[in-house]
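A.B. asks: Here you go, one structure.
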Amino acid sequence: MRAVPVLFLATIAFSADAATGPDENLTRCAELELRVAGLFRVGTATLYLDRCADADRILESVPKQFSLELARSFKGKDLIESARSTLMQNLALASSDDLPSALRCMADGYVDAESGDRYDVVYRPGDGLRLFLNNDLLRQCDDGDDAEKYFMIWFGDKPFHRRMRDRLLDEALSNGAIG
């Protein structure tokens with residue numbers, strides 16, 4: 001969990017238009033440029049929803065996509081460890097063995113990625129979770145076991161970075177009020 005949280009010391013940039021990721025039916029509601037200590041660009045996080053106003057229901061069973069375009073390389077094992085740890089904290093679990101199967105399935109799907117690569121995590125009610133790297137499907141996980149809760153990593157009570165969560169959600173809600 002030590003390697004990834006650095007991603008979330010960030011400054012913000014916002015735009016809204018059609019999605020450019022795996023789920024073309026969703027709208028880009030918020031975008032955040034991530035910088036370490038405000039100096040070094042490490043990537044861009046983007047939130048996509050059916051309706052930007054659904055940001056207030058981000059952890060419910062609503063269609064959504066979180067994308068992370070990397071500006072540096074990451075080891076898959078570090079991303080797996082970070083995902084499992086953050087989910088355990090949000091769900092108050094003592095062991096990653098206690099994670100619901102859909103969440104464990106998705107958390108274990110990360111692979112090594114290079115600068116310029118983009119991860120997309122997509123949730124569709126009834127279809128479950130899908131993890132993409134550069135538009136290639138890495139993993140698909142069932143909709144059982146509260147699969148929509150995978151987004152707790154970024155939007156739960158104990159996310160990687162509260163400021164990132166708050167800014168993405170605020171921007172999405174502002175865009176939802178306009179549209």
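The values are calculated or read from the model by the stated rules, or taken from the named source; none is laboratory data. In this text the structure is predicted, and so the values were computed from the model without any measurement. We place every Cβ from the backbone using ideal geometry, glycine too, and count neighbours over all the protein chains shown.
A.B. asks: Scan segment 19-77 residue by residue and report those that are among the aliphatic types (A, V, I, L, M) and out of contact with any helix residue (DSSP H, G or I) (no Cβ under 8 Å at 6 or more places or on another chain).
C.D. replies: Residues satisfying the conditions are ALA19, LEU26, ALA37, LEU39, LEU70, ALA71.
A.B. asks: Quick one: what pairs do we get from segment 130-144, first residue basic (Lys, Arg), second assigned to a loop (DSSP other than H, G, I, E, B), C-beta under 9 Å, 6+ apart or different chains?
C.D. replies: ARG130/PRO22; ARG130/ASP23; ARG139/ASP108; ARG139/GLY109; ARG139/TYR110
A.B. asks: Moving to a separate point now. Looking at ILE153, ILE178 in this structure, which one is surrounded by 21 or more Cβ atoms within 10 Å (Cβ to Cβ) and β-branched (Val, Ile, Thr)?
C.D. replies: Going through ILE153, ILE178 in turn, the sole match is ILE153.
A.B. asks: Still on this structure, please answer the following. Considering only residues that are closer than 20 Å to ASN90 by Cα and either among the small types (Gly, Ala, Ser) or surrounded by fewer than 17 Cβ atoms within 10 Å (Cβ to Cβ) (or both), which ones fall in segment 109-141?
C.D. replies: Of everything in segment 109-141, those that are closer than 20 Å to ASN90 by Cα and either among the small types (Gly, Ala, Ser) or surrounded by fewer than 17 Cβ atoms within 10 Å (Cβ to Cβ) (or both) turn out to be GLY109, GLY128.
A.B. asks: Pairs, please: C-beta under 7 Å, at least 6 apart or cross-chain, first residue surrounded by fewer than 21 Cβ atoms within 10 Å (Cβ to Cβ) and in segment 44-63, second among the basic types (Lys, Arg) and modelled with pLDDT under 95?
C.D. replies: LEU59/LYS149; PRO63/ARG124
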